[in-house]
Structures are given as structure tokens and as C-alpha cells.
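The values are calculated or read from the model by the stated rules, or taken from the named source; none is laboratory data. Just so it is clear, the model here is predicted, and its values are computed rather than measured. Here the Cβ is made from the backbone with ideal geometry for all residues, glycine too, and neighbour counts use every protein chain on show. Each accessible area value is taken on the protein alone, full model and side chains, heavy atoms only, with ligands, DNA and RNA left out. Shrake-Rupley method; radii C 1.70, N 1.55, O 1.52, S 1.80 Å.
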Amino acid sequence: MEKIAFFDTKPYDKVWFDKLNTDFEIKYIESKLTTDTAHAARGCKAVVAFVNDNIGSDVIDVLCEIGVKLIALRCAGYNNVDLKYAKDKINIVRVPVYSPYAIAEHTMALLLGVNRKIPRAFIRTRDFNFSLNGLTGFDLHGKTAGIIGTGQIGRVFIDICRGFGMKIIAYDPCPAEGCDIEYVSLDKLLAESDVISLHCPLTTETRYIINEASIAKMKDGVVILNTSRGQLIDTDALLQALKDKKIRGAGLDVYEEETELFFEDYSSTIIQDDVLSLLVSLPNVIMTSHQAFLTDEALQKIAEVTLFNLKQFFDGEALQNSVVYQK
């Protein structure tokens, strides 16, 4: 059996990999993949990495030095990998699709939680405080949802919003073919949307697509949702807009500086990130820690596709889910 080093392991990762794996010896490592921990993959020809493993040139050099030939990302995004440096040095594969429903449904959960103040109401009733003061929301029916990015997740979220009776407009440089989505310019979407939801990948073009200038073009009282990548939003600009009440609320599953924090327990620690501390303290913000993917169905699919990617590589087949640098 080929030996695989599996980084940033959590208990929920192992469930489906252990259940489905029949071809590999998996060495589970709790630490994230870094230049210091990469040496733990010695003797392995492949590593399995996750979304917050920072796979830059230094890590790639170490992996190549110890004989690793493949980096198998158990996620869809690959903005954490230096693809240009990896070219011609090491193979990269990913899981392009696992469950768009998981992420789209979590996005709606964030919207409902922010709008109807569900977490605040829950805490009140736990304390036998049955006052409704400060818990007023708004009807989603008839409101306009602006969707930035109409890949599979964005389109599933559109279907969910339509089920609530919302009007849909969308922005995407590459519109989906054969669908009945109303595409508009980004400026028009910003100006007309009551809810803006981000479902686009992080690229040089989309980094900080929500910033001070774009927020200024939005309706007063808009709700922002992000279950994609943290750096799509300039957090300082978001914070200011929340304090100014330009933005009514935010539902966030990602954060631009999440790499060293998310997926870990820091409940007994004083967090040194003042921006994050302020953000989670606001009553009109709900933040979850990159949880949107976390369903049984998604975890099963991630394991299936990752194991498929590994088998293709070791069988010498063409890599169906390969990621390569493109200028």
C-alpha cells in the first residue's frame, strides 16, 4: 500500500476516509501543513491538505526534497497553493464539487439567523427573557437577492432564495448557460440588492470585491453574506459600514485572516486579532468558522473524490481533477 500523509486532521475527516479507504496507508497528522510539519510526510509519495494549509514555495520545496509527488487538496479552492511555483515540480489535484447544497443551505441559515436575530432570541429565552424588543427583522419575500458568482453553489442558493419569494439578480463574468438568471452589471447589483451573497472564487480580480467603494454603491440596510473566501471582503471596510449602519447585518462563514484560527479551539485564549474580536462582538453579525461544507454528504463526497484522485495518480492515469498554473 502507498503511504499518504493527511494534514490538519479533525475527527470528522477520518470518519469517511477510514470507511472508504481500501488502497492506501493513511498517516493522520493533526498539524497544518507548514515548512516545519512538511517533514512528517517523509516516506510518503502524496499528501492530503486542506483549505487553510499554506502551500507556498517553501512547503513545496520541502515536499519535493523528501520525495512527495502529489498534493491532494480535499477542498475545491486552491488559492492557498502557489501554483506557479508548483508547475513542473509537483502534481496538484482537488475536489472540484462535493455538495453545493451544504454551502447554499448554510448561507440561507446565516441570512435567517442575521435577519430574524435567532441567536440573540435563543440566548434570551435560555435566560427566561421573553422580551421581543430589538428582534425585528424583515420579510425576505419580495426582496432582491444579488448573487455574485453563479457556479453550482450560487445557482443552488438562487433556487433557495426563489423558494422564499425573492427576486434574483446576479453578476458573473462568465454567465451560466441555459438558465433563467437575470444577469446585471456589478454596479447595478450593488445598487439594487437588499441581500448580497458571495459565491465566487478568490482571484486577483475578486479579492476585496466588497470594499469601501463598492459598499458606498449599496442600498442602505443591505445584508452581506459570505460563505466563499474571506478575502473577498475588506473586513475593515465591512466593520465601518456595520458601525455606520450602512450595512444592516452580515452572515460570515469565512474571514480573511482565518488561517491560524479557524478549525481550532481558542476558547480559553485571548485572541490578538482585534478586528476579529470586534466583528464577532457585534449584535448584527453571525460568524461561523468555515463550517458551511460540514454535512455527512459533503464529507463523504470529499473522501470519495480525494481517494479517486490518489488512485488515478498511483495508477498512472491522467488526472481528472488536476490543477495547473495558467497565465
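Below is a table of values for the structure above.
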quantity	calculated
Segment 160-169, residues that are closer than 23 Å to Ser99 by Cα and open to solvent by 30 Å² or more (accessible area, probe 1.4 Å)	Ile160, Arg162, Gly163, Phe164
Number of the condition not met by Ala318 [criteria: (1) touching a residue at least 40 places away in the same chain (Cβ under 8 Å); (2) open to solvent by 80 Å² or more (accessible area, probe 1.4 Å); (3) not polar (S, T, N, Q)]	(1)
Strands (runs of 3 or more DSSP E) completely within segment 4-115 that count 1 or more residues being open to solvent by less than 10 Å² (accessible area, probe 1.4 Å) and more than 25 Å from Asn226 (Cα to Cα)	46-49, 70-73, 91-93
Ile168 vs. criteria modelled with pLDDT of 95 or more and under 27 Å from Tyr78 (Cα atoms)	no
Where Ala303 falls short, out of the listed (1) touching a Leu at 6+ places or on another chain (Cβ under 6 Å); (2) free of Cβ contacts under 8 Å to residues at least 40 places away in the same chain	(2)
Pairs, first free of Cβ contacts under 8 Å to residues at least 24 places away in the same chain in segment 135-158, second open to solvent by less than 50 Å² (accessible area, probe 1.4 Å) and aliphatic (A, V, I, L, M), C-beta under 8 Å, six or more apart	Leu135/Ala121; Ile158/Ala145; Ile158/Ile147; Ile158/Ile168; Ile158/Ala170; Ile158/Ile181
